[in-house]
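Asker: One structure is given below, represented as structure tokens, and several questions about it will come after.
The values are calculated or read from the model by the stated rules, or taken from the named source; none is laboratory data. If you're wondering where the values come from, they're calculated on a predicted model, not measured in any experiment. Here the Cβ positions follow ideal geometry from the backbone for every residue, glycine too, while neighbour counts run over all protein chains shown.
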Amino acid sequence: MDSTLIVTGGAGFIGSHVVRRLVCRYPEYRIVNVDKLTYAGNAENLADVEDCPNYVFEKTDITDAEGVRTIFDRYRPDGVIHLAAESHVDRSISHPDDFIMTNIVGTATLLNAALACWKDRFEGKRFYHVSTDEVYGSLGKEGSFTETTAYAPRSPYSASKAASDHLVRAYGHTFGLPVVLSNCSNNYGPCQFPEKLIPLAINNIKNNRPVPVYGKGENVRDWLYVLDHAQAIDLIYHRGGNGETYNIGGNNEWSNIEVIRLLCRIMDRKLQRAEGASEQLVAFVKDRAGHDLRYAIDSSKLQREMGWKPSLEFEEGLEKTVDWYLANEAWLQHVVSGEYQQYYKNQYENR
Ligand code: NAD
Ligand code: TYD
């Protein structure tokens, strides 16, 4: 193998698309997926690549310093793409400690392991930290986040991601660790855990259950199809400048209620329901505490430097996403019932 790459959080939503892309596009790379398999990690997401000769799975908690060091010693990686995180804002409001541990302590643990493994011989090495636009805080009606926007996180999730971004930059600045970062807007697409807005709404509409819309549904997000994010990560890992940050976004702002209405129209058509039937399920509920009003990303640096741009219009991406969830009833059932956690045991522990 030419190169060994550790991907953390590879069994999660975005991580699984990144791992699949790297395993399939770069047979000369060994891809080591390091994931604890929390409730959000699903080994089934990678069932199609798990037997590839250049793919390895390591079930490890990134806050376990000894476990992480053992993995670095065993594989001597050339690069790290760090996606493992607690990622759901609502959970960060009810259980902030998990976010502080995984997102901050876990990132520090990986940085320490990379430093110790590479021992100042940084030539050809790279630590890529995947982050979120939520670190920049909340926008009013105008403007968008650039790479130089001051950090102003407002939820335990975004504050823990901001802390991890600062640590990564500090290790780059102080120790010379070759780091690169990206901050991306909201992703959607196949394999997203159905606690996030779009898959939750698809699942509820399908089952004729209420679709909870926080507050008045006026909050705005910039949505990006997950495969476009995976492509951007591949580009930035290979071509990004040392110490640089790249914003990634869909240039695709929608209020939550507009997203839900569009989804309802698509679902009516797919499920052959009367026009307007799914929209009857919309239920306005109590707002999220500290709910950020609007996120919008200026990704012109990435577009200019690497020619990247989103490949899909939102309507098309949403339709593909609905098709995927409707065609993968078993995946959804396993996730909703918790059965997916058995998959790892059958696949890896009972072998
Ligand atoms: P996810 O919650 O779907 O997956 C997270 C993965 O990390 C899971 O497989 C989980 O098992 C693993 N994990 C969690 N804690 C761990 C630990 N202590 N040790 C090892 N593994 C652990 O998240 P996602 O939506 O795929 O997000 C991936 C990354 O991208 C995160 O860093 C997130 O902040 C960032 N991001 C997400 C979005 C989005 O819209 N989902 C947007 C921008 C950035
Ligand atoms: P989410 O998918 O949780 O992503 P984030 O909070 O990281 O942006 O939520 C997207 C938007 O949808 C956010 O403004 C909160 C809102 N939302 C609802 O209105 N209802 C829901 O059931 C969920 C999960 C989110």
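Asker: Quick one: how many residues across the stretch 21-64 are more than 30 Å from Ile100 (Cβ to Cβ) and assigned to a strand (DSSP E or B)? It would help to see each step written out before you state the result.
Answerer: Of the residues in the stretch 21-64, the ones more than 30 Å from Ile100 (Cβ to Cβ) are 21, 23-30, 47-55.
Filter once more, so that each one left must be assigned to a strand (DSSP E or B): 29-30, 55.
Within the stretch 21-64, residues that are more than 30 Å from Ile100 (Cβ to Cβ) and assigned to a strand (DSSP E or B) number 3.
Asker: Take the conditions assigned by TED's automatic domain parsing to the domain that holds Ile236, assigned to a loop (DSSP other than H, G, I, E, B), buried (at least 17 other Cβ atoms within 10 Å of the Cβ) and more than 8 Å from ligand 1 (Cβ to nearest atom) and apply them to Val18. Does it pass? Reasoning before the result, please.
Answerer: On the way: assigned by TED's automatic domain parsing to the domain that holds Ile236: yes; assigned to a loop (DSSP other than H, G, I, E, B): no; buried (at least 17 other Cβ atoms within 10 Å of the Cβ): yes; more than 8 Å from ligand 1 (Cβ to nearest atom): yes.
No.
Asker: Do you know which residues across the stretch 291-315 are away from ligand 1 (no atom under 16 Å from the Cβ) and of a type in the set (D, E, K, R)?
Answerer: Correct list: Lys301, Arg304, Glu305, Lys309, Glu313, Glu315.
Asker: Something else: So which of Asn42, Asn103 is within 16 Å of ligand 2 (Cβ to nearest atom) and surrounded by 19 or more Cβ atoms within 10 Å (Cβ to Cβ)? It would help to see each step written out before you state the result.
Answerer: Details: Asn42 fails: within 16 Å of ligand 2 (Cβ to nearest atom).
Result of the check over Asn42, Asn103: Asn103.
Asker: So Lys286 clears everything in (1) under 21 Å from the mean Cα position of the chain (by Cα); (2) more than 21 Å from Asn187 (Cβ to Cβ) except one condition, right? Which one?
Answerer: (1)
Asker: While we're looking at this one, here's another question. For the stretch 251-351, which fully contained helices (runs of 4 or more DSSP H) count at least 2 residues that are modelled with pLDDT of 95 or more and hydrophobic (A, V, I, L, M, F, W, C)? Full working, then the answer.
Answerer: Details: elements: 256-270, 300-306, 314-327, 329-337, 340-344.
By residue number, 256-270, 300-306, 314-327.
Asker: Here's something else I'd like to know. For Ser255, work out the one condition from (1) in contact (Cβ under 8 Å) with a residue 40 or more places away in the chain; (2) more than 16 Å from ligand 1 (Cβ to nearest atom); (3) closer than 24 Å to Glu195 by Cβ it doesn't fulfil.
Answerer: So Ser255 meets the others, but not (1).
Asker: Quick check on Ala296: is it in the same structural domain as Arg154 (by TED's automatic domain parsing) and more than 10 Å from ligand 2 (Cβ to nearest atom)? Don't jump to the end; show me each part of the working.
Answerer: Values: in the same structural domain as Arg154 (by TED's automatic domain parsing): no; more than 10 Å from ligand 2 (Cβ to nearest atom): yes.
No.
Asker: So, of the residues in the stretch 266-293 that are charged (D, E, K, R) and in contact (Cβ under 8 Å) with a residue 12 or more places away in the chain, which turns out to be farthest from ligand 2 (Cβ to nearest atom)? Give the derivation first.
Answerer: First, pick out the residues of the stretch 266-293 that are charged (D, E, K, R): 268-270, 273, 275, 279, 286-288, 292.
So of that shortlist, the ones also in contact (Cβ under 8 Å) with a residue 12 or more places away in the chain come out as 270, 279, 286-288, 292.
Details: Lys270: 21, Glu279: 15, Lys286: 10, Asp287: 8, Arg288: 6, Asp292: 7 Å.
Among those residues, the one meeting the criterion is Lys270.
Asker: Let me ask you something else. With the structure loaded, tell me whether Gly67 is in a helix (DSSP H, G or I), within 27 Å of Glu339 (Cβ to Cβ) and at pLDDT 95 or above or whether it fails that test.
Answerer: Numbers: in a helix (DSSP H, G or I): yes; within 27 Å of Glu339 (Cβ to Cβ): yes; at pLDDT 95 or above: yes.
Answer is yes for this residue.
Asker: Of all residues in the stretch 54-82 being within 12 Å of ligand 1 (Cβ to nearest atom), in contact (Cβ under 8 Å) with a residue 60 or more places away in the chain and under 21 Å from the mean Cα position of the chain (by Cα), which is surrounded by the fewest Cβ atoms within 10 Å (Cβ to Cβ)?
Answerer: Once the filter is applied, the top-ranked residue is Lys59.
Asker: Before we move on, is Val49 free of Cβ contacts under 8 Å to residues at least 60 places away in the same chain and closer than 17 Å to Ala162 by Cβ? It would help to see each step written out before you state the result.
Answerer: On the way: free of Cβ contacts under 8 Å to residues at least 60 places away in the same chain: yes; closer than 17 Å to Ala162 by Cβ: no.
Here the answer is no, as Val49 does not meet what is asked.
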